[in-house]
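The values are calculated or read from the model by the stated rules, or taken from the named source; none is laboratory data. Just so it is clear, the model here is predicted, and its values are computed rather than measured. Positions of Cβ are backbone-derived with ideal geometry, glycine not excepted, and every protein chain shown enters the neighbour counts. For the accessible areas, the whole protein counts, side chains as well, though only heavy atoms, and no ligand, DNA or RNA atoms are used. Shrake-Rupley method; radii C 1.70, N 1.55, O 1.52, S 1.80 Å.
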Amino acid sequence: MTSQKRTTRLKRGALAAGAALTVVVAGAGAAPGAGDGKASTAGKPKLKLIAASNSVTLDRWEGEPGVYLDLGTYVTVDDAPLEFRVTRKSYKDPVVAKQVLRNGSTTTTRTLPAGLVKDFSGLPGFLEVTVTDATGAEVAKSKGTFCPNNASGRLRPDAPATSHYPESCPTNPFTLGSVWGVEKGWASNSSTVDYDKPVDLPAGEYTAKVRVAKKYRDLFAIPDDQPT
């Protein structure tokens, strides 16, 4: 049902009224000393949040209750792959997410904080989005789950030619394990469009400020040197 519903929306362009949003990426990073401090960075990926364009146009379909915030922001990965192994022992046990750190022939793991990842759909609350209108008044706020297996692509020609990670993150209630990942030198779409929760924005021009939540900036040592 969901796939059919999405396809129908994509085909109804003739009914659309444009709602243009200027995307501002707020890349505030962790405070000095946050993250792993002086610990070795071997095998740890460098993450950044970028916008593919300074502005995007979102379509509000006639008869629909709102628009879907597919803002064209991406998480770039460099220095090492971003990889997670996500498992649970049984349907009664909690989900455990471990980040895999690869340094040459050496592989280590670190377990993400208990309770941070609750299912297999991705990192919950990874993105924070605030939408303001032309007067600067806040008109919408949302949080988005980041699935590293979202649509992705290479940033440069010397990156791996193909990705060996799966496509999409499972939402099947019977899943017991999954792998998430982004290759080194690749970028993954950070937008999560919730088709059950459209944002009620009349046609017009808005500013969307997008940032990575502080708990993830600290966890992955995202630097405090990214421009807005």
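Some points to look at:
- 3 or more residues β-branched (V, I, T) and open to solvent by 30 Å² or more (accessible area, probe 1.4 Å): qualifying strands (runs of 3 or more DSSP E) within region 90-209: 106-111
- Which listed residue is within 13 Å of A208 (Cβ to Cβ) and basic (K, R), from K118, K98, K141: K141
- The residue that is nearest to R211 (Cα to Cα), counting only those in region 48-62 that are open to solvent by 50 Å² or more (accessible area, probe 1.4 Å) and aliphatic (A, V, I, L, M), is I50.
- Condition met for S163 (under 17 Å from T76 (Cα atoms) and either modelled with pLDDT of 95 or more or of a type in the set (G, A, S) (or both)): yes
- Scanning region 67-89 for residues that are in a strand (DSSP E or B) and either under 18 Å from the mean Cα position of the chain (by Cα) or at pLDDT below 95 (or both) yields V67, T73, Y74, V75, T76, V77, D78, L82, E83, F84, R85, V86.
- Scanning region 48-99 for residues that are free of Cβ contacts under 8 Å to residues at least 60 places away in the same chain and of a type in the set (V, I, T) yields V56, T57, V95, V96.
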